[in-house]
1. Which peptide among 199-210, 389-400, 55-66 comes first, and what is the full order, when sorted by highest mean count of other Cβ atoms within 10 Å?
2. With label points built 7 Å along Cα→Cβ from the Cα atoms of Glu391 and Lys79, find their separation and express it in nm.
3. Only Lys, Arg, Asp and Glu count, each charged at its Cβ (+1, +1, -1, -1), so figure out the dipole size of the chain about its Cα centre, rounded to 20 debye.
4. Using helices alone, what [θ] at 222 nm do you get for the chain, with -39,500 (n - 2.57) per DSSP H run of 4 or more residues, divided over all residues and rounded to the nearest 500?
5. Express in whole angstrom the spacing between the alpha-carbon centres of segment 246-274 and segment 28-92.
6. How far is the Cα center of segment 332-392 from the Cα center of segment 131-170, in Å?
7. State to the nearest 20 debye the size of the charge dipole of segment 359-411 about its Cα centre, where the only charges are +1 on K and R beta carbons and -1 on D and E beta carbons.
8. Along the charge dipole of the chain, which of Ser235, Thr314, Ala45 sits closest to the positive end, that is, farthest toward it, with unit charges on the beta carbon of Lys, Arg, Asp and Glu (+1, +1, -1, -1)?
Amino acid sequence: MKALKCRECGREYPLAATHVCEFDFGPLEVAYDYDRIKKSLTKAAIQSRPNSMWRYRELLPVAGEPTVGAQVGFTPLVKADRLAKALGIRELWIKNDTVNYPTLSFKDRVVSVALSRSVELGFKTVACASTGNLANSVAANAASAGLKSYVFIPSDLEQGKVINSLVYGANVIGIKGHYDEVNRLCAEIAGKFGWAFVNVNMRPYYAEGSKSMGFEIMEQLGWQIPQHTVVPMASGSLLTKIQKSYQEFTKLGLVSETKYSVHGAQATGCSPISVAQKAGLDFFKPVKPNTIAKSLAIGTPADGFYALRVMKETGGAADDVTDDEIREGIRLLAENEGIFAETAGGVTTAVAKKLIASGKIPANDSAVLCITGNGLKTLDAVVGHVGKTREIKPSLREFEAMLATEEKVGA
Ligand SMILES: *Cc1c(COP(=O)(O)O)cnc(C)c1O
Ligand SMILES: [Zn+2]
């Protein structure tokens with residue numbers, strides 16, 4: 001990495017813990033020396049390295065060896081033939097971050113980068129504003145690195161997400177308000193305390209970690225960019241970084257230049273980006289979230305503007321789905337591929353179904369779905385919607401009687 005650079009005016013800044021341009025308040029992004037990277041980051045070099053996101057380390061913003069999350073990433077890319085058939089598309093792949101290490105969501109990627117960089121910059125306390133998964137990942141990775149952590153979450157999160165932060169000994173602060181209010185408070189705290197807030201003052205480094213999901217997809221597809229990628233959107237950051245990963249591998253000659261589309265998925269109960277995209281607008285209107293997809297419930301998405309631009313540039317589309325469609329998406333993925341995703345995965349699957357049905361993703365093409373979090377953390381959202389256990393006494397006769405009544409009713 002070479003500098004931090006303003007996305008608006010291009011001014012460069014030193015590689016410190018800062019995230020906005022002093023001149024126009026534009027977001028800062030990490031800039032790299034690609035000519036230099038091209039010499040060391042070859043396919044052979046990548047393939048000789050351990051199976052983790054750090055095999056692409058020249059394109060990740062740490063100065064030395066990563067010290068936090070060395071095992072994160074390189075999750076399976078699953079060929080999903082049964083789900084492809086159910087959704088009516090020729091070829092479909094699932095990038096399965098429900099099994100990311102250590103906290104079962106794609107957030108381990110961004111946290112591994114942010115905390116490694118925080119250690120390099122000398123921070124002892126790390127923090128975040130989170131919709132749940134980020135808090136889990138900061139808490140776990142901070143624990144393993146011996147850092148003190150404060151995680152701020154909306155107080156109405158799923159129990160699975162709350163317990164998954166508390167167990168690591170993190171300071172978990174529940175804020176009585178929406179994520180956007182949590183985030184505003186964290187910006188004030190970050191200015192006052194000398195802490196590394198992974199998605200506030202460390203955001204330029206943090207966000208780069210998302211690129212590793214795209215790098216892995218291309219390598220696992222045999223060094224190709226997929227025709228279509230469907231990405232869930234909260235702040236919109238992951239979607240923009242998927243495009244950046246495709247651009248970087250193209251620039252470095254690791255994949256050949258091809259046409260591709262990046263599509264965005266939201267829940268109807270919090271759909272500022274998809275509503276704007278469908279209306280053909282370049283900007284979004286903030287909303288108050290009300291959806292079971294709490295991990296995506298950001299009403300004022302920090303990267304919404306850039307996410308809209310990526311979809312426009314790549315010919316991608318966005319759509320959004322209701323709570324019932326989200327549950328159906330979770331079941332489609334589970335029943336066809338044996339993958340239990342959280343609500344965000346239901347959003348991505350259900351939106352993909354819609355985009356295929358409407359022809360925005362042509363049935364003859366190939367697509368990758370980014371499935372970003374594990375269903376065991378959002379049991380609250382599906383309880384009562386996935387069938388019932390049938391109870392019998394421990395007797396063979398009762399079991400046979402049960403089967404017989406089912407056959408009669410045609411079950
Ligand atoms: C955070 C998160 C996302 C997307 O986050 P962005 O802010 O858009 O980068 C997607 N899925 C899950 C499960 C998440 O926790
Ligand atoms: Zn600027």
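1. Working: 199-210: 26.6, 389-400: 8.8, 55-66: 18.5.
Sorting 199-210, 389-400, 55-66 by mean packing, highest first, produces 199-210, 55-66, 389-400.
2. It is 4.5 nm.
3. Details: 48 positive and 43 negative charges, 107 e Å.
That gives a dipole near 520 debye.
4. Values: 16 runs with 164 residues, N = 411.
Estimated from H runs of four or more residues: -12000 deg cm²/dmol.
5. 15
6. 25
7. Computed charge dipole of segment 359-411: roughly 100 debye.
8. Sorting the options by dipole projection puts first Ala45.
Every number in this text was worked out from the coordinates using simple rules, so none of it is lab data. Since the model is a prediction, treat every value here as computed from it, not as a measurement. In this analysis, Cβ positions are derived from the backbone assuming ideal geometry, glycine residues included, and neighbour counts consider all displayed protein chains.
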